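Just below is one structure, and these are the notes that go with it.
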Amino acid sequence: MAKYLITGIAGFIGSSLARALLAQGDEVRGLDNLSTGHRENIEEVAGEIDFRHADLLDLGAVRDACDGVDYILHHAAIPSVPKSVLDPLGSNAANLDGTVNVLIAARDAKVKRVVFAASSSAYGDTPTLPKREDMLPSPISPYAVTKLASEYYLTSFYRCYGLETVSLRYFNIFGPRQDPSSPYSGVLAKFITQMLAAEQPTILGDGKQSRDFTYIDNVIHANLLACQVSASAVAGKVLNVATGRRVDLNETFAILKQLIGYKGEAAYGPERAGDVKHSLADMASAEKYLGYKPVTDFEEGLRRTIAWYRTRQLTAAS
Ligand code: UD1
């Protein structure tokens, strides 16, 4: 049994990680300022976790949270490209300053390893596909810059202080508990809930933009591996976490339409500022260093996600 600290535990990914760790008998402590996460995501496991309502910018609280911890899964962030375009200072403080605080506290508390939720947005709009970790990054949005700079900090803490770090570059993660309600929500959470409510989703741009949409179970799998494998394989590294397959938005809408039984068509709106056209991961390094292979594919992930939102909708209506 190991002791984990999950930053951003009330978020969609953080709360899913907490459930997986509890299921395998680990001890879980969580930190969240509840700015984008929701208490209801951890309600069901509230009695089993040590939850701390605190901000990463409060270094004292982060230090307290790191005390006695083996592994940190660092997921707290303002997870939105458009939000960062509107408020770069806010994103920088939460995502980058927050990360430096986590690293300082982890180093001083002698935490074994820090696994970080990095982002495929670091690759930006470079034409080469698939994206390999050794390609020169080209972040477009302030969000992408905060995630990339955080990766550099992780690697530097490994190089300078020997703190074992792994940055997992997530490619458009989706699944149950992803918040569909904000204008900045991930496209699948939005489209699924809109279509289930017989509302019309809007494709921003021509719908030919593509993504390597990755179901949450793959992320959980990668995080567990990132804590288990030897330091010589992963410490200081940056690794893609995705599926190695991309689907464009028009196609995605057509698949959802069929799975949901939606009768309407999508609306089209203006392309979003800071948007990346195509995104697809090369999975060779994750396989080589982590032993990672996707465990759930896109369609199966969609089925499970739709089922979850459907149940939630029925529960809310009853
Ligand atoms: C980006 C990152 C992702 C990161 C996420 C955090 C890339 C390739 N991916 O996701 O790794 O976790 O930021 O927010 O940089 N869209 C619509 N209609 C909508 C909403 C979105 O058409 O109602 C479109 C967007 O314009 C975009 C695509 O759907 O082209 C995906 O958008 P979104 O789900 O917000 O994620 P990314 O910005 O791709």
Two-decimal Rg/Rh across the stretch 6-152, once Rg and the Kirkwood Rh are taken from alpha-carbon atoms:
0.99
Expressed as a whole number of Å, what is the distance separating the alpha-carbon centroids of the stretch 282-310 and the stretch 41-99?
24
Using a 1.4 Å probe on the protein heavy atoms, what percent of the accessible area of the stretch 72-145 belongs to carbon and sulfur?
61
Carbon-plus-sulfur fraction of the accessible area of the stretch 245-318, 1.4 Å probe, in percent?
54
Helix 142-161 versus the longest principal axis of the chain: what angle, 0 to 90°, nearest 10, using Cα atoms?
20
Antiparallel bridges, percent of DSSP beta bridges restricted to the chain (to nearest 5):
5
Over the stretch 181-318, give the accessible area per residue in Å² for a 1.4 Å probe, as an integer.
45
The chain: angle of helix 12-23 to the longest principal axis, Cα-based, in degrees nearest 10:
60
Restricting to the stretch 169-318, what percent of DSSP beta bridges are antiparallel, rounded to 5?
20
Determine which lysines satisfy two conditions relative to Lys263: a Cα distance under 24 Å, and not lying fewer than 8 residues away in the same chain.
Lys190, Lys208
Relative contact order of the chain, please, whole-number percent, based on alpha carbon pairs below 8 angstrom and at least 6 residues apart.
17
Take every Cα pair under 8 Å in the stretch 104-189 that's 6+ residues apart, average their separations, divide by the length, and report that relative contact order as a whole percent.
34
List the lysines whose Cα sits under 26 Å from the Cα of Lys112, skipping any in the same chain fewer than 8 residues away.
Lys3, Lys147, Lys237, Lys288, Lys293
Return one whole number: the accessible area per residue of the stretch 35-125 in Å², for a 1.4 Å probe.
42
Which whole-number percent gives the relative contact order of the stretch 172-318, counting Cα pairs below 8 Å spaced six or more residues apart?
35
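The values are calculated or read from the model by the stated rules, or taken from the named source; none is laboratory data. Quantities reported herein were computed from a predicted structural model and do not represent experimental measurements. The area values use the complete protein model at the heavy-atom level, side chains included, leaving out ligands, DNA and RNA. Shrake-Rupley method; radii C 1.70, N 1.55, O 1.52, S 1.80 Å.
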